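In what follows, a single structure is set out as structure tokens and then discussed.
Nothing in this text is a laboratory measurement; each read-out follows from the coordinates by a stated rule. Predicted, not measured: the structure shown is a model, and the values here were computed from it. Cβ placement follows ideal geometry from the backbone for every residue including glycine, while neighbour counts extend to all protein chains displayed.
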Amino acid sequence: MRIFTFEKAGKPTLGVLRSVAAEQYIDLELAGYAHAHDLSQLLAQPNWQDQIGTILEEHPIHAVQSMAGVKFLPLIPNPGKIICVGLNYADHAKEGGHAIPDHPSFFLRVNSSQVAHQQPMRVPKASSKLDYEAELAVVIGKTARHLTAENALDCVAGYSCYNDGSIRDYQRKGTQWTLGKNFDLTGSFGPWLVSADELPKGAHGLKVQTRLNGQLLQDGNTADFLFSVAQVLVIMSEVMTLEPGDVIITGTPAGVGYARKPPIFMKAGDICEVEVEGVGILLNTIANEVS
């Protein structure tokens, strides 16, 4: 199943696609669902998939809406945690001049850095070096601590797409990447959550691509992760409790703009598409920061 967050009457509301190719969705508020406004709360329900499955089969006709004109919001507008994995592909580490790591690097994003599918990512006033990074997003569905390799994937609700937009010069102003990864409205999340049962275990073997103005610039595969989804979850849960609605961004393959000769950075008027096989296409226009 595919669940997304959209804006209705000024507030977040949840919708469920009727099918993969559907141009219609079910408005969970109109369907009378109790957790129709917060995906984190929905995922915290022990039997949420059964509940949504029932709604897909049995719903009032007025709850069926057209996708035309939907204003998407970030899949989870206010996740408790956005945890990002750096250098999770050997080819990306190499293009950036880094050694192949024997342990994943982690950094955090903040909620205000996110935009939604079909909304503009912003080139900030402080820099013109906004780079794209296509990534698989993992969405947590169960509270988890001290996971093992055997049970780590049990806490995954599903997967989505993420464009981990990075301001490259600010990323390198210090030893930490925080500044370059957290400019307002520079990272995109969506368009929807695809439940884990619809994808290979651990989202293994999925193409991860970026197209900028139609040109294919990144073409990787999650089979090439240095650290699998399960491994990342085990390591993270050694440190902190993972909770429903937490988001883990799993790293980007080679082909980023700053490593190209000459470099390619996104600019106002561009169209960037991030595609994860079996999940969908996350599309954003690029615009300048609004004062």
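Here are the numbers for this structure:
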read-out	value
Loop chymotrypsin sites (Phe, Trp or Tyr not before Pro), the range 112-215 (other Cβ atoms within 10 Å of the site Cβ: 13 or fewer; DSSP)	none
Whole-angstrom gap from the range 119-167 to the range 247-291, using each part's C-alpha centre	13
Highest average packing first - 109-122, 207-220, Cβ atoms within 10 Å	109-122, 207-220
Of the GluC sites (Glu not before Pro) in the range 57-111, those whose Cβ has at most 11 other Cβ within 10 Å and which sit in DSSP loop	Glu58
Degrees between helix 48-57 axis and first principal axis of the chain (Cα, 0 to 90, nearest 10)	60
Packing-based exposure ordering (other Cβ within 10 Å, fewest first) of Ser19, Ser228	Ser19, Ser228
Whole-Hz ³J(HN,Hα) from phi, Karplus 6.51 cos²θ - 1.76 cosθ + 1.60, for the range 79-84, glycine and proline x	x, x, 9, 10, 10, 10
